[in-house]
Amino acid sequence: RTQFANDLLATELADRLRGTRVEVTCVFPGVVRTGVFSNARGLPAIVRILAPALQRLMGISPESAAKTPAFLAQNSCAVGTGGKFYGPAVKQRAVPKRALRKDRRSGLWVASEELVKPYLSEQSTVLPRTMIGT
């Protein structure tokens, strides 16, 4: 669910910022050798045992996983990548069809705005156009 929400928000944000200098991409790094499961409370014991073993066998290093987002953030060849999805080794992936549904994207966007409203001042709720690079 969390990944699906990220996909929806990235797709919606990319659409909202289309025509500006801001590029929004979504990166799925693949299986990465990290300690993410070392303190995974709430997961079944079998998952806490098997997941780290699978990460060691199949996972890529954190350094390798960082190559795609670093490229997208820093390399001039990444211009024009907005609205696209990427995987390991800077390979473009298909945008999931479920993330393209406007009703789902805008619904999550509106719900997110409602959730954060109490924490924002009136002045910070809308970025001036100059702040988003137009």
### Query
Can you tell which of PHE28, THR2, GLN55 lies farthest toward the positive end of the dipole of the chain, using +1 and -1 charges on the Cβ of basic and acidic side chains (Lys, Arg; Asp, Glu)?
GLN55
### Task
Compute the Rg/Rh shape ratio of the chain: radius of gyration over Kirkwood radius, all on alpha-carbon atoms.
1.03
### Summary
Given a 1.4 Å probe, the accessible area of the chain per residue, as a whole number of Å², is 72
### Task
Could you tally up the Lys pairs in the chain with alpha carbons closer than 21 Å? Skip any pair fewer than 8 positions apart unless they're on separate chains.
4
### Message
If I ignore ligands, DNA and RNA and count only protein heavy atoms, how much of LEU115 is accessible to a 1.4 Å probe, in Å² to the nearest 10?
### Response
130
### Task
Taking all protein chains together and a probe of 1.4 Å, list GLU113, GLU12, GLU63 from the most accessible to the least accessible.
GLU63, GLU113, GLU12
### Values of log10 I(q)/I(0), in the order q = 0.12 Å⁻¹, for region 1-80 under a Debye, Cα-only, solvent-free model
-0.51
### the chain, accessible surface, carbon-and-sulfur percent (1.4 angstrom probe)
59
### Local net charge near GLY80, Cβ-Cβ under 15 Å (Lys/Arg +1, Asp/Glu -1)
+2
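The values are calculated or read from the model by the stated rules, or taken from the named source; none is laboratory data. On a predicted model such as this, the values are computed, not experimentally measured, just so you know. Note: ideal-geometry Cβ built from the backbone for every residue, glycine included; neighbour counts use all protein chains shown. With ligands, DNA and RNA removed, areas are computed over all heavy atoms of the protein, side chains included. Shrake-Rupley method; radii C 1.70, N 1.55, O 1.52, S 1.80 Å.
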